[in-house]
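Notes to accompany the following structure.
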Amino acid sequence: MGLDGVVRSTGADGGGSGSAGGLVQYQSEGVAVDFTTPILANARIRPSDGDKLEVILSDLGGGRGHYVIPLRHLEKAVTMTVHDHTLCEEVLHRNASSPDDIRRAILTVAKMGLAGQKAAKHARQTIDDEQNERMLTTVCLVRLAITYGDAGAVRAPPTLNDLATDIARGQVKVELAKVARTARLSTDAVYNLLEEWGGIIASVGVPDMPIECRLRRLGRQVFELASQLRQWADEEISHVGDRARAVADHAVRVGRDAEKRLAALDTFTDTIVETVCRWKESNLEIRAAMDALAWTLNGWEGNLRRWREAAQISREEQQRVVSAILATRPIRADAAQFDGANDPAHPARKGSRKVQAYQDWKTGQIDYDAVRRLEALREQAL
Amino acid sequence: MSRDSHTLEEIRARLFDLSEAQFAELVAYVERAQASDAGRSFSAEALAAMRPRLRVARPQRRPNAERIFCRPFEDLLHDLPAAGKRPGRIARRAIRPAWAVLSRRLDGRLLAAVEREARRAGADAVDWATQSWSSLWNACGEAANALLAEADGDSAARADLRKKLGGADGLAELADMARMMTVAPHVEELRHVLSPAPLTALDEIQTAAVSAQFGALAAEKDTLWGPLAHAVIARMADPVALAHAFGGSDCRDPGLHFLGSAAAGIAVADIDATVAALGGLPAESAPAALDVATHGEAVADRIARLREGLRDRRFAGSFAEIDRVQRGLRTAVSQTVIAGADAAVAGALGEAAGAARAALRENAEARAHALWKCSRFAGAIGMDREVVQAARAVEDAAARIALDRLKALERAGADAAAGAIDAAADDLIHAVRVVELVAGSDKADLLRRRGFDVLDRLRAA
């Protein structure tokens with residue numbers, strides 16, 4: 001109960017939805033990374049001073065604190081799997097600090113097969129899916145632009161195949177003439193612009209697309225996660241129930257923020273002609289909105305996967321996952337408080353820490369059973 | 001029929017996806033199917049498919065005469081396929097033939113009464129034994145003893161009974177069942193005092209209750225303490241815990257001391273049976289290697305605790321016996337995990353392509369994983385050297401083949417096809433993952449760096 005209250009209060013003044021302040025909060029949490037070393041399972045990467053990067057380790061040994069280590073020196077602090085070595089190199093090489101850049105680094109390393117053949121296959125599939133999302137989004141934008149120019153006529157929209165062949169592409173460009181006239185651009189320029197636009201918003205798509213693109217889907221799944229967690233918390237008698245409610249509250253907040261940002265992105269699509277007319281500005285605005293959305297939903301893909309996996313295993317595993325998700329929340333004011341003065345028998349404290357072994361306790365080496373479980377986690381589609 | 005087999009597949013695949021309530025419903029449905037002639041074989045197969053979850057969830061089953069007969073020894077049941085009578089355990093497969101023989105000798109009125117009462121009570125009321133159940137246990141015990149006595153006197157009757165029970169093991173199982181029938185009321189007394197299996201240790205209240213039941217049977221301790229001890233031991237996660245607690249000569253309570261001594265014997269027999277089962281697994285198979293590695297760790301732990309207890313004189317036993325089972329485990333590890341591991345890894349880096357290569361690689365990784373698991377308990381069973389050597393052989397094979405391939409490409413220079421470079425890169429990654437398991441991530445990362453350097457040069461050329 002005490003815990004719940006604390007979490008809510010920080011959310012109210014910190015998570016200010018939609019504002020620039022809210023985005024800073026999301027950015028301070030860092031980008032969740034799919035490391036396979038058990039101890040790094042909850043690690044996040046964020047930029048530190050200058051162009052350097054640092055890693056935040058939460059939930060270490062069930063404690064409340066966060067450890068911050070420069071990414072460059074991570075290997076001196078932690079014995080890592082080869083996959084994670086390579087991923088760190090790739091991230092440093094790209095100097096990736098945004099969710100999109102780090103996602104690309106993760107996919108590149110996974111594609112090599114360092115996290116196993118199945119994860120490699122899944123990474124290739126993901127890359128293909130994204131390519132499809134990009135194409136389909138462009139097609140939908142082109143269709144919107146054509147129907148704007150010719151509101152009365154109902155004709156078959158261009159298909160993927162139409163855009164792939166040169167002759168049909170020429171036909172599509174002709175049909176874009178009306179929008180081009182309004183925007184005082186050549187049809188070629190309008191087409192290229194729509195293609196660029198489609199590339200930027202590919203992971204969101206446009207409303208009423210035949211497939212639901214990645215981030216739009218994730219925005220919906222976060223709400224589902226919240227309601228599942230609430231239900232779970234109602235049956236949970238331990239203090240973890242409060243934690244689950246706190247995570248659910250947080251998920252709802254994230255979901256609402258994402259909803260607003262999605263709505264803002266869809267406004268550009270709804271007013272397609274204005275967006276095209278002032279593309280120089282709208283281009284930057286769309287990019288910024290996409291970036292904000294990526295930051296808002298950052299990390300929830302992993303949380304969803306972990307929760308789904310735990311749902312199949314055991315109540316204890318579910319408790320562990322809830323605590324781990326809560327621990328990756330941003331560094332809170334109460335986390336810096338001196339803990340020793342608290343009454344250890346206080347109901348909110350009692351048994352609230354669970355230490356888990358990140359390394360094989362017999363040899364001190366990496367526990368490859370745990371590594372395999374983390375690798376298997378990323379093989380399932382969301 | 002095909003619909004049924006499809007349903008069975010479905011049950012197997014989604015066994016652990018169902019909620020407790022759904023699973024209980026499914027069990028009830030399948031049991032109802034047993035009533036009709038058409039559904040009987042389906043029901044038996046479905047229950048066999050559901051056994052893994054049944055064993056964990058233990059939903060309330062609808063009682064019938066056969067199930068009530070099994071109640072005194074249900075904790076003793078085991079499913080190991082290997083032949084041979086295990087002391088203190090009863091094979092599940094022995095129930096059917098034994099019940100078929102016994103139920104024919106029972107009073108029809110008694111059976112009918114038990115069935116009627118069971119049907120009326122339903123699945124919810126199986127917690128407490130009734131008078132008619134005790135009568136059934138008595139009757140079953142008497143019938144079994146009569147059968148065994150007849151068989152003892154007459155070789156033709158003996159051969160007939162053996163045939164009906166499926167061999168000499170069946171006779172031994174029937175004798176054990178008869179013994180359990182004689183202590184059934186006492187087992188029933190302990191049923192709800194002891195927590196459900198597996199129990200890690202007995203607390204004071206449980207210890208007192210067990211001691212009281214032994215005390216009640218003190219007059220016939222030569223015949224009845226054994227089966228009672230078997231019932232208590234079967235509840236435990238590891239019988240060694242009982243041996244540690246009560247097996248020592250300082251244990252004042254004669255009943256508990258008997259229990260502790262019996263537990264030490266059964267612990268060795270249990271380990272022996274597990275080791276024999278592991279030894280029977282096929283060589284050159286990745287799932288078998290992982291099985292041996294996973295169970296081997298638990299068995300090695302148990303052996304170590306037995307040895308420790310023996311050394312501290314916590315209970316009586318023989319070191320030679322423990323050495324024997326340890327040798328058995330060593331043989332199982334070297335046959336299934338160590339033998340052929342390097343060949344499997346080298347094979348996965350061979351010329352195969354497509355799906356065949358993917359399968360070979362998965363197999364090789366599983367073998368390396370098994371080797372890693374074994375390295376964690378190799379010291380405890382005196383296999384350090386063998387496992388380290390095997391790990392080194394695997395490491396050498398993987399690193400050598402992957403690097404040789406890259407060097408060959410480098411020698412070929414500009415003639416090297418782009419496809420060949422990609423294939424060599426793929427091989428390198430696989431080799432790195434194998435080396436990571438058997439030799440640690442530092443060595444594997446070194447191999448990756450060396451390989452990537454060559455690849456960079458090749459791709460730049």
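Nothing in this text is a laboratory measurement; each read-out follows from the coordinates by a stated rule. What you are looking at is a predicted structure, and each value in this text was computed from that prediction instead of being measured. Neighbour counts are summed over all protein chains in view; Cβ atoms, including those assigned to glycine, are modelled from backbone coordinates with ideal geometry.
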Cβ charges +1 (Lys, Arg) and -1 (Asp, Glu), total dipole of the range A:32-103, debye: 200
Place a point 7 Å from the Cα of B:E150 in the direction of its beta carbon; the residues of the range B:81-121 whose amide N falls under 16 Å from it are B:98-108
Neighbour-count order for A:K178, B:K373, fewest beta carbons within 10 angstrom listed first: A:K178, B:K373
Using the charge dipole of the protein assembly as shown (Lys, Arg: +1 at Cβ; Asp, Glu: -1 at Cβ; taken about the Cα centre), state which of B:A118, B:L242, B:V435 has its Cα farthest towards the positive end. B:A118
Report, in degrees rounded to the nearest 10, the 0 to 90 angle that the Cα long axis of helix B:20-33 makes with the longest principal axis of chain B. 60
Residue mean of other protein chain beta carbons inside 10 Å, A:80-88: 5
What FRET efficiency, computed as 1/(1 + (r/R0)^6) with R0 = 60 Å and r the Cβ-Cβ distance, is obtained for B:A38 and B:K407, rounded to the nearest 0.05? 0.35
Proxy exposure order for B:M50, A:M209, B:M181 (fewest C-beta within 10 Å first) is A:M209, B:M50, B:M181
Please give the calculated 222 nm ellipticity per residue for chain B, where each DSSP H segment of at least 4 residues contributes -39500 (n - 2.57) and the sum is spread over every residue; nearest 500 deg cm²/dmol? -24500 deg cm²/dmol
State the extension gain, in nm to one decimal, for the chain segment bounded by A:I237 and A:D188, taking 0.36 nm per residue of separation less the distance between their alpha-carbons. 11.3 nm
Can you give the net charge of the other residues whose Cβ lies under 12 Å from the Cβ of A:T126, counting K and R as +1 and D and E as -1? 0
Dipole magnitude of the range B:196-305 about its Cα centre, charges +1 at Lys/Arg Cβ and -1 at Asp/Glu Cβ only, in debye to the nearest 20? 200
If you take every residue apart from B:F69 with its C-beta less than 12 Å away from the C-beta of B:F69, what net charge results, scoring Lys and Arg +1 and Asp and Glu -1? 0
With +1 on the Cβ of every Lys and Arg and -1 on the Cβ of every Asp and Glu, and nothing else charged, how large is the dipole of the range B:134-210 about its Cα centre, in debye rounded to the nearest 20? 240
Only residues of the range B:203-224 count here: report those whose backbone N is under 18 Å from the spot 7 Å along Cα→Cβ of B:V193, or say none. B:203-221, B:224
Gain upon complete extension [B:R61, B:R459; 0.36 nm per residue less C-alpha separation]: 136.7 nm
Can you list the residues of the range B:337-352 with backbone N under 17 Å from a point 7 Å past the Cα of B:E386, pointing along Cα to Cβ? B:337-343
Eligible aspartates and glutamates near B:K443 by straight Cα distance, threshold 12 Å, same-chain separation 8 or greater: B:E395, B:D396
Starting from the Cα of B:Q22, step 7 Å along the direction of its Cβ; do the same at B:A216; then give the gap between the two resulting points in nm. 4.3
Would you work out which of B:P97, B:G39, B:A151 lies farthest towards the positive end of the dipole of chain B? Charges go on Cβ: Lys and Arg +1, Asp and Glu -1. B:A151
Residue among A:H239, A:G302, A:Q221 farthest towards the positive dipole end of the range A:218-306, charges placed on Cβ: A:G302
Cβ under 9 Å from A:L382's Cβ, A:L382 left aside: what net charge do those residues give with Lys, Arg +1 and Asp, Glu -1? +3
Within a 10 angstrom radius of the beta carbon, how do A:Y67, A:Y148 rank from fewest other beta carbons to most? A:Y67, A:Y148
Show me B:36-49, A:262-275 ranked by packing, highest mean number of other Cβ atoms within 10 Å first. A:262-275, B:36-49
